[in-house]
Amino acid sequence: MHQMTLAEIARGLADKKFSSEELTKVLLARITQLDPQLNSFISLTEDLAVEQAKAADARRANGESSALLGAPIAHKDLFCTQGIRTSCGSRMLDNFKAPYDATVVAKLAAAGAVTLGKTNMDEFAMGSANESSWYGAVKNPWNLEHVPGGSSGGSAAAVAARLLPAATATDTGGSIRQPAAFTNLTGLKPTYGRVSRWGMIAYASSLDQGGPLARTAEDCAILLQGMAGFDPNDSTSIDEPVPDYSASLGESLQGLRIGVPKEYFSAGLDPRIAELIQNSIQQLQKLGAVIKEISLPNMQHAIPAYYVIAPAEASSNLSRFDGVRFGHRCENPENLIDLYKRSRGEGFGAEVQRRIMVGAYALSAGYYDAYYLKAQKIRRLVKNDFMAAFNEVDIILGPTTPNPAWKLGAKNSDPVAAYLEDVYTITANLAGLPGLSMPAGFVDGLPVGVQLLAPYFQEGRLLNVAHQYQLNTDWHTRTPTGF
Ligand code: GLN
């Protein structure tokens, strides 16, 4: 039962092969049994899940049907859930029970999805390995000695290990696509503004975007359908109609123009990954796509620009966690300054503190022009590169990551080494474009992802290309041993 995708679950529920309550109980038992190996959940919400499952079964009995009605999912633990701890992977918010549901949580609940729990993540979504969580590292089900990627590592490990079919995640610089690549999943970062950020605890507001992590493009379409849409509570939410994503999955790739940036195949890319990317290109050519070499000349500047802009926004966003309005408060403060210093010093881990300091520095009066303003100018150049490329091609294709999942602890002493692994993902966030990662093979038993990027609001095109690829390949069906 735990092997089923969201699409298969929807069919099974519609055909009355099982109830949502039965399925929910099977998955909750599986999580209890297997998650101690992975640490992918921070909180389990068994009572809520059974209650939501019963309600979904009742709605189906009354003749309602929709793909998400009764479908078990989990939320990354930065989506606020009313009355349930929303920790953001931080000691700072270990005691925080949100007074309201994030828009994404409310929309999925209204569609009938069943919340099994809240998934582990890098603290405040800062990281690429899920090792900065206050609740401990998450393990990769493909090899328990390796990281699952981050920051949505809990959602990724849980879905990859078949503890549940799909989960929500967020992507500020790659945190949906990179863990998808590291765990053999399909993950989609939507266009900035497509999914509401209301109730999603902010890391870098101009880059953050929620999206689905699942095993197939077909399931990403189903989950995105429940997440996307205009929200007056989010001033950057875009008031555009949401297309029927599942309906976009039937299109032929004949004549589809795929751009492959020459900068992607630079020295930093593992040659074994380069080979798998070439194989995926050949596969798509067989399906009718036309390949064209393109150039993204400013890509080399994207990592330094991102690691100024994201910490700058984080330093501002995280100022609200002061031990007074929100979050952890130190014992017996001597005075107000002592309260702030110790509450923040105890509540935030090392990576979060590092980024707050970098961001505050980049925004300070003497350095603003040299760092922050310069980074914003690079951001525009990165966007211009994409706009020029999309005049010539329909999709851009390349690797999601330069290397497969590294060993736990391997990059702990060198944060910049981890930052460099984001080279292929962060440009889409800087430009606000949609991007998808899908399984493309294995290196040393560890999964490899291929990334597809599309023009604004072309999530349907990304999902269709991935779906056509998945109809003709079986990488995405591989299951990690032991799960
Ligand atoms: N690895 C990137 C960072 O650490 C991206 C994280 C994310 O997308 N949330 O900032």
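What about Val416, is it farther than 25 Å from Tyr203 by Cα and of a type in the set (Val, Ile, Thr)? So Val416 does not fit the description; no. Apart from one condition, Tyr135 fits all of (1) buried (at least 24 other Cβ atoms within 10 Å of the Cβ); (2) touching a residue at least 60 places away in the same chain (Cβ under 8 Å); (3) hydroxyl-bearing (Ser, Thr, Tyr); the exception is (1). For region 221-237, what are the residues that are surrounded by fewer than 17 Cβ atoms within 10 Å (Cβ to Cβ) and touching a residue at least 40 places away in the same chain (Cβ under 8 Å)? If the condition is that a residue be surrounded by fewer than 17 Cβ atoms within 10 Å (Cβ to Cβ) and touching a residue at least 40 places away in the same chain (Cβ under 8 Å), then Asn233, Thr236 are the ones that fit. Taking Gly259, is it in contact with a helix residue (DSSP H, G or I) (Cβ under 6 Å, 6 or more places away or on another chain) and modelled with pLDDT of 95 or more? Considered against the rule, which asks whether it is in contact with a helix residue (DSSP H, G or I) (Cβ under 6 Å, 6 or more places away or on another chain) and modelled with pLDDT of 95 or more, Gly259 comes out as yes. The set of residues in region 33-56 that are surrounded by fewer than 20 Cβ atoms within 10 Å (Cβ to Cβ) and either modelled with pLDDT under 95 or within 11 Å of Ser20 (Cα to Cα) (or both) comprises Val50, Glu51, Lys54, Ala55. Of everything in region 296-320 that is out of contact with any Ser or Thr (no Cβ under 8 Å at 6 or more places or on another chain) and assigned to a loop (DSSP other than H, G, I, E, B), the residue that is farthest from Gly345 (Cα to Cα) is Pro297.
Within region 347-406, the set of residues being at pLDDT 95 or above, of a type in the set (D, E, K, R) and either assigned to a helix (DSSP H, G or I) or within 14 Å of the ligand (Cβ to nearest atom) (or both) comprises Glu351, Arg354, Arg355, Lys374, Lys377, Arg379, Arg380, Lys383, Asp385. Considering region 203-214, the residues that are among the small types (Gly, Ala, Ser) and open to solvent by less than 20 Å² (accessible area, probe 1.4 Å) include one that is nearest to the ligand (Cβ to nearest atom), namely Ala204.
Given the options Gly327, Gly288, name the one that is at positive phi and in contact (Cβ under 8 Å) with a residue 40 or more places away in the chain.
Values: Gly288 fails: in contact (Cβ under 8 Å) with a residue 40 or more places away in the chain.
Just one listed residue meets the conditions, Gly327.
Check region 467-482 and report whether any residue there is closer than 17 Å to Leu284 by Cβ, hydroxyl-bearing (Ser, Thr, Tyr) and more than 16 Å from the ligand (Cβ to nearest atom). Looking through region 467-482, at least one residue is closer than 17 Å to Leu284 by Cβ, hydroxyl-bearing (Ser, Thr, Tyr) and more than 16 Å from the ligand (Cβ to nearest atom).
In region 115-145, what count of residues is obtained for those that are polar (S, T, N, Q) and either part of a strand (DSSP E or B) or touching a strand residue (DSSP E or B) at 6+ places or on another chain (Cβ under 7 Å) (or both)?
5
Flag: Pro404 matches the condition of being surrounded by 21 or more Cβ atoms within 10 Å (Cβ to Cβ) and over 27 Å from Gln225 (Cβ atoms). Considered as a group, the residues in region 323-346 that are of a type in the set (A, V, I, L, M, F, W, C) and assigned to a helix (DSSP H, G or I) include one that is farthest from the ligand (Cβ to nearest atom), and that residue is Leu336.
Across region 185-202, which residue is farthest from Val450 (Cα to Cα) among those that are in a strand (DSSP E or B) and within 13 Å of the ligand (Cβ to nearest atom)? Write out each step before concluding.
Applying the first criterion (in a strand (DSSP E or B)) to region 185-202 yields 186-189, 195, 200.
Remaining after also requiring within 13 Å of the ligand (Cβ to nearest atom): 187, 189, 200.
Values: Gly187: 11, Lys189: 14, Met200: 27 Å.
Of everything passing the filter in region 185-202, Met200 is farthest from Val450 (Cα to Cα).
On the stretch given as region 98-114, residues that are more than 16 Å from the ligand (Cβ to nearest atom) and in a helix (DSSP H, G or I) total 7. Inspect region 161-184 for any residue being within 15 Å of the ligand (Cβ to nearest atom), charged (D, E, K, R) and at pLDDT 95 or above and give the result as yes or no. Scanning region 161-184 turns up at least one residue that is within 15 Å of the ligand (Cβ to nearest atom), charged (D, E, K, R) and at pLDDT 95 or above. Restricting Leu276, Leu296, Leu284 to those that are of a type outside the set (Val, Ile, Thr) and either in contact with an Asp or Glu (Cβ under 7 Å, 6 or more places away or on another chain) or modelled with pLDDT under 95 (or both) reduces the list to Leu296. Contact annotation: no residue pair with Cβ atoms under 6 Å, 6 or more positions apart or on different chains, pairs a residue in region 163-176 that is more than 17 Å from Met200 (Cβ to Cβ) with a partner that is within 6 Å of the ligand (Cβ to nearest atom) and part of a loop (DSSP other than H, G, I, E, B).
So the check is Cβ under 9 Å with 6+ separation or different chains; which pairs have a first residue in region 400-419 that's among the charged types (D, E, K, R) and a second one that's within 14 Å of the ligand (Cβ to nearest atom)? From region 400-419, the pairs are Lys407/Val147; Lys411/Ser128; Lys411/Ala129; Lys411/Glu131; Lys411/Val147; Lys411/Ala417; Lys411/Ala418; Lys411/Glu421. Of all residues in region 408-449, those satisfying the criterion of being more than 12 Å from the ligand (Cβ to nearest atom), assigned to a loop (DSSP other than H, G, I, E, B), in contact with a Lys or Arg (Cβ under 9 Å, 6 or more places away or on another chain) and more than 27 Å from Thr481 (Cα to Cα) are Gly432, Leu433, Pro434.
If we keep just the residues of region 450-483 that are open to solvent by less than 40 Å² (accessible area, probe 1.4 Å) and in a loop (DSSP other than H, G, I, E, B), which is nearest to Ala274 (Cα to Cα)? Looking at residues that are open to solvent by less than 40 Å² (accessible area, probe 1.4 Å) and in a loop (DSSP other than H, G, I, E, B), I get Thr473. In the set Ala102, Ala125, only one residue is surrounded by 22 or more Cβ atoms within 10 Å (Cβ to Cβ), out of contact with any helix residue (DSSP H, G or I) (no Cβ under 8 Å at 6 or more places or on another chain) and on the phi > 0 side of the Ramachandran plot; that residue is Ala125. Applying a threshold of 8 Å to beta carbon distances and a minimum spacing of six or more residues, or different chains, the list of pairs starting in region 110-128 at a residue that is hydroxyl-bearing (Ser, Thr, Tyr) and ending at one that is away from the ligand (no atom under 16 Å from the Cβ) and part of a loop (DSSP other than H, G, I, E, B) reads Thr115/Thr45; Thr119/Ser40.
The values are calculated or read from the model by the stated rules, or taken from the named source; none is laboratory data. The structure presented is a predicted model; accordingly, all values stated were derived computationally and were not measured. So basically every Cβ, Gly included, is an ideal-geometry build from the backbone, and we count neighbours across all protein chains shown. All accessible areas refer to the heavy atoms of the entire protein, side chains included, with ligands and DNA or RNA removed. Shrake-Rupley method; radii C 1.70, N 1.55, O 1.52, S 1.80 Å.
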